[in-house]
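All remarks here apply to the structure that follows.
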Amino acid sequence: ELVEFNQVLEDKNTWRDDFITSFGVKGVVALSWWLGSLFAEQIRARYMNYPFIEITGAAGAGKSTLLEFLWKLIGRAQYEGFNPTNSTRAGRSRMFNQVSNLPIVFIEGDTATENNRSKQGGNWIEETKPLYNGRSDRVTGQKNMGNQTNEVPFRGALVISQNAQIQASTAVLSRIIYIHFDKSHHSPVTRQSAQRIERLDVEEVSGFLLHAITHEESILKLIDQSYEEYRNEVMNIPGIETERVGHNHAILLSLLDALCKLINIDDATRKKTRDFIMTIAYQREQDLKRD
């Protein structure tokens, strides 16, 4: 089944302030990563990989509203994601092969339970490891008399969203940028902003996609100019030793700069988001040490 996208050609950007009010710096982080997913192949060509992102939070924290809105920005309506435990490994592999420079969103995989063991066996979260480098998650034999195989590279980007944090090996966790949503910032004002965000149609916001890809050269140039400095900055945080943590969050910091220029996010929000990215980089390092 082909995925239907409906992009418009005009970027109106009437949603930015409501988005920031509704989701705060965590939403800005998610949107920065989402912007980068539109250039996942180009980023992998430069840096060998593109990080995964994990978004967790209790029911009502705003995950679904966020993801459905992010999809609207690139032209897909009334969609959140795909449950990996409801499919076979072959089905998941086909999902990975459907898109290039677009996100794949896994929802409610529930790695803390036996539900993690999906149909026909297989630990879906551990299967994702090769996707980080754009490699195939699965090798299949060609239907002939020879010994040729098919390995379809992964050209998209991976989002994992569920209520509880995933349980996985250190190798998987080190590939992931992690954000946890809660209700601590909820108020009547954020609720009103979220309601306005929910009411927006694809036709009103999907100009974001064209606006982003027409600035591809500038975005990639900005990443090239800032990545090394950001990587050093993250690696200089006391306690951070894992190269992947430095790399993933440096890419994210560069994408934040690109997003702020693309949709004119103010410096105060950029600085708060930047500080938050440094915090989650440190927290990810601690997660790896505990694991």
- Message: For the chain, what does the helix formula give at 222 nm: sum of -39500 (n - 2.57) over DSSP H segments with n ≥ 4, over the residue count, nearest 500 deg cm²/dmol?
- Response: -15500 deg cm²/dmol
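Report, in listed order, any pair from Lys129/Lys272; Lys183/Lys221; Lys12/Lys261; Lys63/Lys271; Lys129/Lys261 with a Cα-Cα distance greater than 25 Å. Mind dumping the intermediate values first?
Working: Lys129/Lys272 31 Å; Lys183/Lys221 37 Å; Lys12/Lys261 15 Å; Lys63/Lys271 23 Å; Lys129/Lys261 32 Å.
Beyond 25 Å: Lys129/Lys272; Lys183/Lys221; Lys129/Lys261.
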- Message: Compute, for the chain, the length of the dipole vector about the Cα centre, with Cβ point charges of +1 (Lys, Arg) and -1 (Asp, Glu) only. Units Debye, rounded to 20.
- Response: 500
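Leaving out ligands, DNA and RNA, what percent of the accessible area of region 231-291 is carbon and sulfur, probe 1.4 Å? Please list the in-between numbers first.
Details: 1260 of 2730 Å².
Heavy-atom surface of region 231-291 belonging to carbon and sulfur, 1.4 Å probe: 46 percent.
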- Note on the structure: Of the candidate values (i) 66; (ii) 54; (iii) 59, the one computed for percent of Cα pairs over 23 Å apart from this structure is (ii)
- Under the Kirkwood approximation applied to all pairs of distinct alpha-carbon atoms, what is the hydrodynamic radius of region 1-102 in Å? 15.5
- Where does helix 216-235 land angle-wise versus the long Cα axis of the chain, in degrees 0 to 90, nearest 10? 90
- Item | Set of aspartates and glutamates near Lys72 by C-alpha distance (under 17 Å), chain-local residues within fewer than 8 positions excluded | Glu4, Glu10, Asp11, Asp17, Asp18, Glu80, Glu198, Asp201, Glu203, Glu204
- Message: Please list, by residue number, everything in region 9-34 whose backbone N is under 15 Å from a paramagnetic label point 7 Å out along Cα→Cβ of Gln283.
- Response: 24-30
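The values are calculated or read from the model by the stated rules, or taken from the named source; none is laboratory data. Small disclaimer: the values here were computed from a predicted structure and weren't measured. Reconstructed Cβ throughout: ideal geometry from the backbone, glycine too, with neighbour counts over all protein chains shown. The protein model used for the area step is the full one, side chains on, heavy atoms only, and it has no ligands, DNA or RNA in it. Shrake-Rupley method; radii C 1.70, N 1.55, O 1.52, S 1.80 Å.
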